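Here is the structure we will look at.
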Amino acid sequence: MSLSVTTRDAITAEVAKYPYKKTALLPSLKLAQKEKGWLSTETLAEVADLIGLPHSHAIELATFYAMLFTEKVAPVRVEYCLQLPCALVGAEDALAKTAKLLDVQLHGERGTRHGHTKDHLIELHGTVECYGACHRAPMCRVGDDYKENLKTDDDLQRLVADLKTRAAAAKSQAH
Amino acid sequence: MPLDYQPILLPNPGRTTAVALTEYEQRGGYDGLRNALRKKPEDVTTMVKDAGLKGRGGAGFPTGMKWSFVPKGPGPKYLVVNADESEPGTFKDRDLMEIEPHTLIEGIAIGSYAIGCELAFVYIRGEYTVAGDRLRDAVDEAKKAGLLGAPSKLTRADGTPFSLDIVVFLGAGAYICGEETALIESLEGNRAMPRSRPPFPAVAGLYMKPTVVNNVETLANVPYILAKGVDAYKAIGNPPNNTGPKIYCLSGHVKRPGNYELPLGKVTLRQFIEEYGGGTPSGRPVKGVLPAGVSAPIIPAANLDAVLDYDGIKGAGSMLGSASFIVMDDSVDMLWAATRMVEFFRHESCGKCTPCREGTMWLEKTLYRMMEGKGKESDLETLQFVSKQIAGNTLCALGDFATSPVTSSIKHYRDDYLAHLVRIEKKSDKKGDKAAE
Amino acid sequence: MTTTASEKKDSPAASSASAAQAAPPSDTVTLTIDGQKVTAKKGTLLVEAARAVKNEIPVFCYHDKLKPVGACRMCLVEIEKMPRLQTACTTPVAEGMVVKTKSDMATGGQNATIALLLANHPLDCPVCDKGGECPLQDNTFAHGVGTSKFEEEKRHKDKAFELSENIVLDRERCILCYRCVRFHDEVPGDRALAVIDRGSHGEIGLASGEQYTSPFQGNVVDICPVGALTSRHYRFRSRPWDLKSQAGIAADDPTGSNVWIDTRDGRVLRLRPRENVDVNDAWIADATRWGTLPAERSERLAQPLVRKGGKLVAVTWFEGLRAAAALVRNHNTGVVATPALTNEAYGVLAEGGLGDAVSVWPRIAATSPQGTLAGLSSSKSVVVVGCDPWSEIPMLAIAVRRALVPFTRDGIATGGGGKLVVIAAENGLARDSAAWLKASGADLARAVADLCDALEGKGGSDAAKKAAAQLTVRPSSLVMGPAFAHEPGNAALVKRLQAALGVVDDKGACAGFSGAVDRYTNARGARELLGDKAALDAASAAGVLGRAGAGALDTVIVVGDVPHCAGFPVDGLGKARAVWLTASLPKDASTKAGAVPDVVDVVLPLAHVYEQGGAFTTLDGRHQGFDAAGIPPSVPGAGPDERAKADWYALALLAAELGRVTPHDLKGLRAVLSTKHAFARIPLNRNKTRTELTVV
């Protein structure tokens, strides 16, 4: 399953943007992931070949940066910041309540938790990474979007409703 | 009483939309750049040096000095903006980019002119997609208006056209990219692992060419210096060491968290928390404050009268760093807090050098065991021993950062640790099982 | 080595006086390391400056052939006026610098690194192949505190991950020095390994499903400072203290890689690169390392075979030689010598020990290349035509790459900056090539002519013009495949390309390298000793195989085995009967179908190259001797009469049986040959290895 022409063209455009082609690798991997959802060995190889780099470079980046995935991820990925500023104002509670509302069993310890809905459409994570929204804590990221000020039960209800809408959209898109 | 101060960097508190070019120019935007282009590049550097501007990313290195290290002569030179704002508790560069993108662009343009750069990069953390979009839009606006471009419609003092392109580059999730050589590695398409120095970036940085890496807020300070002059800039703050405005991020146990722009050295930590932050929501007393995200020692309640500037926070046994204040009231278990911070450093350690890679993991494992109620008194020594093995021995500062939550919390809050030790005789005592979380 | 030390370690007082008198040249600086004054060239790293005065600063990630990275923090030292400890492997010397490598502060830093590295190290030394030659062990004893405060559960990772059919990776033992990844990145440039994951989860590997296929894998075992990367061919076979190391020369490499032959009880267990900065530096190809390991001695044929009544029968050497001589005496006889024999063996043949009819087979280039591989590596323009060094002569590919990409010597980047244009079907150096004009067969000549046109400014295709534009700087080199160079029709074209590239200056000197590269171990030795005979095609009318095929010969003596080539010239022999001197047959060759061709009536078993003495000449004319006489070539306990023999010795014995006296000992033979041949005047085992440091 190779990348779409659109993605391949976008990667070629990235290469043209920088004085050295290797700089294009990180943005290109992000473009490929945007299309595929994650980066398989085949996708990594395709991106590396397209830019003209050894495959090893691609796997090195893909496993270093937290926003790149070398394993399949759910279409709706939720990342709760559990770092100090958020944790001090109820992020742990917000994550637990969100999990409960979605009927997700969380695994892992302390700052790192994860779980998913039974239909595998929504993935919940608690992470120790700070996303720079401490003044609007607690918060989580849903894909690329920031969901901030998740303070009350109503806030969480709204979040969960949004997650379910996204999951339904992803499901219908898959069909 | 809050200070009577007109903010410069974020002049519209509470605003969430981006300031467009027309609005920016109406309030005098790009005057600084026009002034700069009428001077020789080296005179621009001298002005920034004289203004006493220090790097706002954390290290506090004099900005003009950094620029002056770039060798003159032909060949490409790069200005790279460090917008990889990932320090827990820090969200000032995000607001600067999302709301005042042109201030940053103007600062980049002035800095580029000073060092002779024609291609600048803004390396934004991958999660800040909104900031990335808004900055790209603003760059396009500036290009269309002829303020940027290769060449732009502006003219340099020597009569040649001013030429600058700005590339907005988004990362992909790695705190270590905040370290300037790791950022350069990442920009080159590598794993973001800090480089050994020498050579220094000013000599061999991006693509092994002379490179200056400046923080977003640092560059946002520059237009004012060029527009209003050195003296006007120095009138703000607490000279000679602490000039100019500073954005303080406030989070944690305060009623009004947020970004507060204040002159350096004009308020104390206590005033800041009480008058600006509104005090703790619980009304409980402050137990401690982290002044530079999680990367500098905790300031205990006894030192809340420290003045908010480089010297004042240093005097309180810590560092101003990125000026990201995380307030903790007395309900906080400092062992729990230290564990959470060490988890962060363990997670973000790039793994290149031994002490940080192995040491953060060791600290985390020992702290986890203590959190499970299996701590021993000797663990405190072990934690301090491991911290000592890391600090000062690592390739970059992340290793040092990782130890300060542990050593400073043991120093100031030893009882919090002792409360977690195995106490066989008090097994029935319910208070002993109160381990936080 | 660029470092000089101003004085010896044991006389610090005398030295400072002499340093004061002799003003150092401007390209050097004087510093103090542990109280000792050291003068070193600017740019020298502290670790190398200290090494020059025999002060070893402990290292893991630092390797003098790789770019320094400062990752492991083992080499932390105290430098006056610097608040933090610095890594000696990344800090260049500076005038007046005062360095303390053994102060409390420095040892504190070194202890810390050991303590942290050992926290998660499995400490399974008793079952680790590296035990006894392990820098982690050594540094722990020398620079560790001896106890560990680590009480947590150790990190668990893969213990025996098979990276390839050659290499096993123990991820628990790995200390992430990245030497292996850096080696592949910097030396062959194939970047065959990667660092996976981040921080304490970091490990060496590849994307799942990707293959580790580099032809240089074995080198990562040598440079791994712990037992993380081990050879599957050597795993659990011996302990280093039970091994004897004998200097040798690679049995299959025309560039003449220097090797250590590690033996136990006379059995060759492994091969390692022997450092020679002028030849293989510190590397060898896997084909050498594992491809030339002798089979178990007990599995190899050690006794001569003679065909009696249609069947091969094992006999004594006395009988074997007599039978061979009977086939030669009073018969029209020719000798086919392979291009992988020792110079001494060619010497016996050149001296007429077995008659005048001698041909080399398979065919080798008629003339030797001009210039040297060192010249090739320092060329600014390189053209490769009709061959792929990467897959054919891997170490030659390394030599070419050095011209293109800087490599590291004593911690400092050097060389590089040249451009490569390849005209061939395959190109293992594609990623480092400025241009690759794909062509094979008859198209090669057309592509070369096209490039010549472009170089001469007489047109040429766009691709050729682009390629030619990369080839403007001198010195230049030309590397040709033998098949292209052999083709008589190409002679003028080759001359034209050489002229267009300017490989030879007005005085006829070649600062780079120019010529056809034979892939056989000692083609150049054959050419230099056998002269015109070597230049002749064995299959031509005047050649031994040509004459045998035409029925003009009764007997052909085939000497040697041909690596990289289908065995034995059985089709070329016509009705002649053959005597075969070989090292390649198994013990049961007499009964094993097809092992010995039907035309062979006598088999005389030869010793493996690593079990004998002699000399090879590299493709650029470097004579390298070796004397592995300490390694017995046959089954222990077997009498001397039942042993496989060195190639020159077997030939000398056969000559003697025919009544032609040739010295039977290596010394005597070399003495005779030395009157005509330079190689025999260079003592065996006197190959230059690491350039000695100059201590002033």
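Each value in this text was obtained by applying a stated rule to the coordinates, not by laboratory testing. Just so it is clear, the model here is predicted, and its values are computed rather than measured. Neighbour counts run over all protein chains shown; Cβ positions are idealised from the backbone, glycine included.
Eigenvalues of the alpha-carbon gyration tensor of segment C:182-286, scaled by 5 and square-rooted, set the equivalent ellipsoid semi-axes at 27, 18, 12 angstrom, largest first.
Scaling against 2.2 N^0.38 Å puts the C-alpha radius of gyration of segment C:464-516 at 1.15. Each residue of segment C:596-601 was assigned a 3J(HN,Hα) from its phi angle through the Karplus curve 6.51 cos²θ - 1.76 cosθ + 1.60 (θ = phi - 60°); the sequence is 10, x, 4, 6, 8, 9 Hz, with glycine and proline shown as x.
When only the Cβ of Lys, Arg, Asp and Glu is charged (+1, +1, -1, -1), the dipole of segment A:76-174 relative to its Cα centre reaches about 160 debye. Near C:Ser103, once Lys and Arg are set to +1 and Asp and Glu to -1 for all other residues with Cβ below 11 Å from its Cβ, the sum equals -2. Here, the protein assembly as shown yields an orientationally averaged convex hull projection of 58.5 nm² when only Cα atoms define the hull. Between amide H atoms placed 1.01 Å from N, distances below 5 Å from C:Val313 occur with C:Val306, C:Arg307, C:Lys308, all of them 5 or more places distant or on a separate chain. Note that segment B:136-147 has calculated 3J(HN,Hα) couplings of 4, 4, 5, 4, 4, 4, 5, 5, 4, 7, x, 7 Hz, one per residue in order, obtained from phi through the Karplus relation 6.51 cos²θ - 1.76 cosθ + 1.60 (θ = phi - 60°); glycine and proline are x.
State whether segment B:131-269 is rounded, prolate or oblate according to the following rule on the C-alpha gyration tensor (a ≥ b ≥ c being the square roots of its eigenvalues): a/c under 1.5 gives rounded; otherwise a/b larger than b/c gives prolate, and the remaining case gives oblate.
Working: a/c = 1.57, a/b = 1.15, b/c = 1.36.
Oblate, since a/c reaches 1.5 and b/c is not below a/b.
For B:Val168, the residues whose modelled amide H falls within less than 5 Å of its own, excluding neighbours fewer than 5 places apart on the same chain, are B:Val122. Taking a straight Cα-Cα cut-off under 21 Å and skipping sequence neighbours fewer than 8 places away in the same chain, the lysines within cross-link reach of C:Lys575 are C:Lys308, C:Lys311.
Close amide H partners of C:Arg300, meaning residues 5 or more places away or on another chain with modelled amide H under 5 Å apart, are C:Lys587. Listed by chain and number, the lysines placed with their C-alpha closer than 22 angstrom to that of C:Lys438 are C:Lys380, C:Lys419, C:Lys458, C:Lys465, C:Lys466, C:Lys495; residues fewer than eight positions away on the same chain are left out. Each residue of segment A:76-174 gets 81 Å³ once the volume of the Cα convex hull is shared out per residue. For segment C:432-527, the equivalent ellipsoid derived from the alpha-carbon gyration tensor has semi-axes of 22, 17, 13 Å in decreasing order. So if R0 is 56 Å, what FRET efficiency would C:Thr591 and A:Ala174 give, r being the distance between their Cβ atoms, rounded to the nearest 0.05? Once the sixth-power term is evaluated, E becomes 0.25. Between C:Glu153 and A:Thr165, the C-beta separation translates, for a Förster distance of 45 Å, into a calculated FRET efficiency of about 0.55. Distance between the modelled labels on A:Thr6 and C:Ala449, one decimal in nanometres: 5.1 nm (7 Å Cα→Cβ projection). Where a Cα-Cα gap under 18 Å defines reach, which aspartates and glutamates qualify for C:Lys65, not counting those fewer than 8 residues away within the same chain? Candidates past the 8-residue exclusion: C:Glu48, C:Glu56, C:Asp185, C:Glu186, C:Asp190, C:Asp222, C:Glu275, C:Asp278, C:Asp281, C:Asp410, C:Glu692.
Using the beta-carbon distance between B:Asp330 and B:Phe69 and R0 = 45 Å, what value does 1/(1 + (r/R0)^6) give for FRET efficiency, to the nearest 0.05?
Numbers: r = 46 Å, r/R0 = 1.03.
Working from the Cβ atoms, E equals 0.45.
The phi-based Karplus calculation (6.51 cos²θ - 1.76 cosθ + 1.60; θ = phi - 60°) puts the 3J(HN,Hα) values of segment C:314-327 at 6, 9, 6, 4, 4, 5, x, 5, 5, 5, 5, 4, 5, 6 Hz, whole numbers, x for Gly and Pro.
Could you work out the Rg to Rh ratio of segment C:112-172, with Rh taken as the Kirkwood radius (inverse of the mean 1/r over all Cα pairs)?
Rg/Rh for segment C:112-172 comes to 1.00.
Dividing the C-alpha radius of gyration of segment C:43-174 by 2.2 N^0.38 Å, with N its residue count, gives 1.17. For C:Phe161 and C:Asp598, the difference between the fully extended length at 0.36 nm per residue and the C-alpha to C-alpha distance is 152.7 nm. Applying the Kirkwood pairwise sum to the alpha-carbon positions of segment B:334-433 produces a hydrodynamic radius of 13.6 angstrom.
Full extension of the segment from B:Val203 to B:Ser282, taken as 0.36 nm per residue of separation minus the current Cα-Cα distance, would add 23.3 nm. Panel values: segment C:370-516, Kirkwood radius from alpha carbon pairs, Stokes-Einstein at 10 °C and 1.306 mPa s, translational diffusion coefficient 106 µm²/s. Would you mind getting the Kirkwood hydrodynamic radius of chain A from its Cα pairs, rounded to one decimal in Å? Here the Kirkwood hydrodynamic radius works out to 17.4 Å. Classified by the C-alpha gyration tensor, segment B:378-417 has an oblate form. Its axis ratio a/c, with a ≥ b ≥ c, is 1.5 or above, and a/b does not exceed b/c.
Tell me whether chain B comes out rounded, prolate or oblate; compute the Cα gyration tensor, take square roots of the eigenvalues as a ≥ b ≥ c, and use a/c under 1.5 as the rounded threshold. Cα axes put chain B in the prolate bin. With both labels modelled 7 Å from their Cα along Cα-to-Cβ, the C:Glu487 to C:Val313 distance reads 5.3 nm. Where does the charge balance sit around C:Asp242 when Lys and Arg score +1, Asp and Glu -1, over other residues with C-beta under 14 Å from its C-beta? Net local charge, C:Asp242 excluded: +2.
Placing a label point 7 Å from the Cα of B:Arg414 along the Cα-to-Cβ line, the residues of segment B:361-385 whose backbone N sits under 16 Å from it are B:376-385.
Working from label points 7 Å from Cα in the Cα-to-Cβ sense, the B:Ser378 to C:Ser674 distance is 6.9 nm.
Computed across segment A:5-64, the Kirkwood hydrodynamic radius from all distinct Cα-Cα pairs reaches 11.1 Å. Note down the net charge around B:Gly315, summing +1 for each Lys or Arg and -1 for each Asp or Glu among other residues with Cβ under 15 Å from its Cβ. Around B:Gly315, the charge tally is -1. Taking every DSSP bridge with both residues inside segment C:370-516, close to 25 percent are antiparallel.
For chain C, dividing the convex hull volume of the Cα atoms by the residue count gives 192 Å³ per residue.
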